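We did not get these values from a lab; they are worked out from the coordinates using the rules stated. All of these numbers come straight from a predicted model, not from anything done at the bench. Cβ atoms come from the backbone with ideal geometry, glycine included; neighbour counts cover every protein chain shown.
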Amino acid sequence: MKKILVLSTALVGVAFAAQADITVLSWGGSYGAAQNEGHLQPWSAKTGNKVTMVDAPDPAPAVKAMVEAGNVTVDVASVTYADAARLCDEGLLEPIDAASLPAGADGTPAAEDFFPGAVTECGVSTDIWANIYAYDTTKFPEGPKTAADFFDLEKFPGKRGLIKAAKANLEFALIADGVAPADVYATLATPEGVDRAFAKLDTIKSEVVWWEAGAQPPQLLADGEVVMSTAYNGRIFAAAIEESKPFQIVWDGQTYENEMYVVPKGAPNLEQAMDYIRFATSTEGLRGQAALISYGPPRKSANADPIIYKDGKTEMGPHLPTAEANMANALQTSAEFWVDHDAELNERFQAWLTQ
Amino acid sequence: MAEATSELLKTADGRPLKAALAAAQTRARRRAFLLVLPLLFFVLLTFLVPIGYMLKRSVEHDGFAASAPALVAWFGANPGFDPADPPEEAYAALVQDLARMQGEKTTGIAGTRINYSVPGTISMFKKGAREAKDLVPPFKDALLAVDPAWAKPALWRGMASASNAYTSEFYKVAADMKLSDDGWTRGGDKERIYLYLFFKTFLVSGIITVICLLLAFPVSHLLATLPMAKSSLLMILVLLPFWTSLLVRTTSWIALLQEQGIVNDMLVGLGLIDDQGRLTMMYNMTGTIVAMTHVLLPFMILPLYSVMRVIPPSYARAARSLGATSWTTFRRVYLPQTLPGIAAGSLLVFILAVGYYITPALVGGADGQLISNLISFHMSKSNWSLAAAIAGMLLAAILVLYWLYDRLVGIDRLKLG
């Protein structure tokens, strides 16, 4: 019976999986393209195995549907840190043996080479991305500098873009309200802290344009619909470097998190999937992807030498969330907090939106 | 006379005519049934079974019941326990189950199930399970030392309720209720969302249906009465957008209506509004209604057209020649004949609008969200049971409306084309 429920998902998967030795499910867009070029093709060239990429707007629900239906057609999926934790909790993922991950290019064992939290029971990080905000430099020659400036309608008048979700916004609002990043989740765990975050969002609510897909903020900025917007840093980087848009990122108050490769329970080609993950999260694999999109590699050894963007001249270092200058007032997103509170805070957020 | 009818009519081979006819009809009926069998099977497989499965999901979740046997047994034996102060045996059963969950790796599933009604518990279960095997009696004090939140009455109420795999909890959450320390109560002002969105979804769908009807009626009339060549051209204009991708049409409306969009640029260019006073027509309810009306308009035009096409123009002429004014002719003669088309179009548009998801998500902004957007949220955040419960309520509401419609208009008057 379960099979029927996800028939469409599974059929799409089958159509692709029949062709390939392993199948990787990811987000599509410029991110999927970077993984394709940085991970899939080199691995395929190295091992001779065929590998196919399929896209989903959000891979996590697709993984859940496949595993529950008992018809898993992808071997590796790219999911957010919180989703990796959640799916692992629900027993929907294969555990990954951390000891089998390759040492860094400089010989550092994987356990010491990876950043803290980058390897979990069921997932290995492929990159660190950040929620930042960016503004249009033609609108403000003396631009905003801090998270608090985003909420300052007097100094920087105009519409703002914000993601239509509780996650990322509440943290950002608290940091802008003066809460130290280290105290943000302790504050959010109390009803007063949640009220405080919503009160801060209230101050700009009338000027907000809400976005949902990662491609929207650069578009809203380019159209002049907003003067500044929160965004995923890679999208702003692509618009600013590739398309020479006048966008400037403000790193103050950024929230960053790991993006994970996971293996759905019952993946048809388990051995090859693990080999693919070992390759993709090696120093070489991580650098390969980081040269194509401005998300930071989660290994020390991968950050040791400068990474050059595919245009041949832009050095990636200063554009990565993990650059030291960008980490001054930064917060790592807590998967544990959001696994516990996502539904509750989102209901509150939706209710707040309609008030 | 009486004797003549009592004699049975017979067929050539001597069988009673009535029986022969019945046999022939049975054969025909069986053949007809065999012909529709593939469709029936298809509908069953792709429609009824998934809906049944969805409804089952909305009342069933054994994530906790299956992984906490000791507590299930204890709750079964002590149905009237005091959630504010559960005895030591309850804590002993809990610690035993936590240790078992750790071994079987079911902590996450059980914690997720409880988290649905008592937020913040997944991490408590994980932490408790990690330490469970090292805890020594008295278990109550030992567990409260790990995390004092284990004493929360709401948590014990939640666990007692979840120890039965069948539950009405998800429907309670979908009706804006919260599990507090005193049991299920109405959620706070800042948290209530679902019932309001149900109401709004039906209101917006109703508005869209009315606007569609007002716009479609004259167009359909033109289509039905114009000469063939012109009406074909007009028909293409109706169908062309119908065949275009939904996403393309929705994003086109964004390009037209946004603040720096074409409509606002034109108004500013013509000097009707100044540059500071640009109209906000997108990312709000106006945007949702405009885009959805456009997307759904063909579903109103086509049934109306198919009904109007076969209304003989002589009826209206006869009414006029008998002295009716043009308004009376329309109201008493033409309009009643189009009713089956109006009924079909309205029902189609309304039901499609109630379930609409992608258009409000793209152009709705803060206040343009409909209930389907929340169903999608819970699908993606893996609370499928709550998504199923909301969808179940939506289905029930639609069935009630359908029943009302049948009573008021009559489903047999429906004409879909």
Query raised in the report: Can you pull out the cysteines in the protein assembly as shown that have no other Cys Cβ under 4.7 Å?
Result: B:C212
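Run through the DSSP bridge list for the protein assembly as shown and note the antiparallel percent, rounded to the nearest 5.
Values: 32 of 47 bridges.
Rounded to the nearest five, the antiparallel share is 70 percent.
So for B:V72, B:V146, fewest C-beta neighbours within 10 Å to most, what's the order?
Placing the least packed residue first, the sequence is B:V146, B:V72.
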Query raised in the report: Which of these, B:A20, B:A70, B:A92, has the largest mean-square fluctuation under a Gaussian network model of chain B (Cα springs below 10 Å)?
Result: B:A20
**Report entry** For chain B, built as a Gaussian network whose Cα springs stay under 10 Å, the top-fluctuating residue of B:V219, B:V238, B:V136
**Finding:** B:V136
Query raised in the report: At A:Q248 and B:A32, where each label point lies 7 Å from the Cα along Cα→Cβ, what is the point-to-point distance in nanometres?
Result: 7.7
Report summary line: With R₀ set to 35 angstrom, the calculated FRET efficiency between the beta-carbons of B:D62 and B:W243, to the nearest 0.05, is 0.15
Query raised in the report: Using alpha carbons only, how many degrees (0 to 90, rounded to 10) separate the axis of helix B:153-162 from the longest principal axis of chain B?
Result: 60
Report summary line: Along principal axes, largest first, the alpha-carbon spread of the protein assembly as shown in whole Å comes out as 107, 76, 59
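How long are the three semi-axes of the equivalent ellipsoid for region B:2-48, computed from the Cα gyration tensor as the root of 5 times each eigenvalue, in whole Å, largest first? Intermediate values should be presented prior to the final figure.
Values: eigenvalues 309, 24, 4 Å².
Over the Cα atoms of region B:2-48, the semi-axes work out to 39, 11, 4 Å.
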Query raised in the report: Roughly what angle does helix B:384-408 make with the longest principal axis of chain B, taking Cα atoms, 0 to 90 degrees, to the nearest 10?
Result: 30
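Using the count of nearby Cβ atoms within 10 Å as a rough guide to exposure, how do B:R186, A:R348 rank from fewest to most? Working shown, then result.
Values: B:R186 12, A:R348 23.
Starting with the residue having the fewest Cβ neighbours, the order is B:R186, A:R348.
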Requested in this report: Report the residue, chosen from B:K133, B:K105, B:K18, that carries the largest GNM mean-square fluctuation when chain B is represented by alpha-carbon nodes joined by springs under 10 Å.
Outcome: B:K18
Report summary line: Rounded to the nearest 10, the angle in degrees between the Cα long axis of helix B:371-380 and the longest principal axis of the Cα atoms of chain B comes to 50
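For chain B, what does the alpha-carbon gyration tensor say about shape, rounded, prolate or oblate, given a ≥ b ≥ c as the root eigenvalues, a/c under 1.5 as rounded, and a/b over b/c as prolate?
Oblate is the answer for chain B, as a/c is 1.5 or above yet b/c matches or exceeds a/b.
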Query raised in the report: Where Lys and Arg each count +1 and Asp and Glu each count -1, what net charge lies around A:N49 among other residues with Cβ under 11 Å from its Cβ?
Result: -2
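If R₀ is 35 angstrom, what is the calculated FRET efficiency for the pair A:D58 and A:D311, using the beta carbon separation as r and rounding to 0.05?
Here the calculated transfer efficiency is 0.75.
Using only the Cα atoms of region A:212-252, build the gyration tensor, take square roots of its eigenvalues as a ≥ b ≥ c, and label the shape rounded, prolate or oblate: rounded if a/c is under 1.5, else prolate if a/b is larger than b/c, else oblate.
Numbers: a/c = 1.22, a/b = 1.08, b/c = 1.12.
Rounded, since a/c falls under 1.5.
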Report summary line: Per the rule of 0.36 nm per residue minus the C-alpha distance, extending B:L44 to B:S314 adds in nm 92.6 nm
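Could you calculate the FRET efficiency of B:S231 with B:L9 from 1/(1 + (r/R0)^6), where r is the beta carbon distance between them and R0 is 51 Å, rounded to 0.05?
Details: r = 53 Å, r/R0 = 1.04.
Efficiency computed from Cβ-Cβ geometry: 0.45.
May I ask you to compute the full-extension gain from B:L322 to B:L399, defined as 0.36 nm times their residue separation minus their alpha-carbon distance, rounded to one decimal in nm?
On the way: separation 77, 0.36 × 77 = 27.72 nm, distance 4.37 nm.
That pair, B:L322 and B:L399, stretches by 23.3 nm at full extension.
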Report task. Give the residues of region A:289-307 whose amide nitrogen is closer than 16 Å to a point set 7 Å from the Cα of A:A103 in the direction of its Cβ. Result -> A:300-302
Query - Rg followed by Dmax, in Å, when chain A is reduced to its Cα trace - result: 20.4, 61
Report summary line: Lys and Arg at +1, Asp and Glu at -1: neighbours of B:G120 with Cβ under 10 Å from its Cβ sum to -1
Query - Gyration tensor verdict on region B:69-186 (Cα atoms; rounded if a/c is under 1.5, prolate if a/b is larger than b/c, oblate otherwise) - result: prolate
Query raised in the report: Can you give the charge dipole size of region B:254-411 about its Cα centre, rounded to the nearest 20 debye, using +1 on the beta carbon of Lys and Arg and -1 on the beta carbon of Asp and Glu?
Result: 880
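Quick check: net charge around B:F198, other residues with Cβ under 12 Å of its Cβ, Lys/Arg +1 and Asp/Glu -1?
Numbers: positive: B:R192, B:K200; negative: B:D176.
Neighbourhood net charge equals +1.
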Query raised in the report: Going by how many other beta carbons lie within 10 Å of each one, how would you line up B:W184, A:W43, fewest first?
Result: B:W184, A:W43
Report task. Please list, in chain and number order, the residues 5+ apart from A:Q332 or on another chain whose amide H is under 5 Å from its amide H, with Hs placed from the backbone. Result -> A:Y256
Query raised in the report: Among the listed pairs A:K159/A:K245; A:K164/B:K56; A:K265/B:K105, which are separated by more than 22 Å between their Cα atoms?
Result: A:K164/B:K56
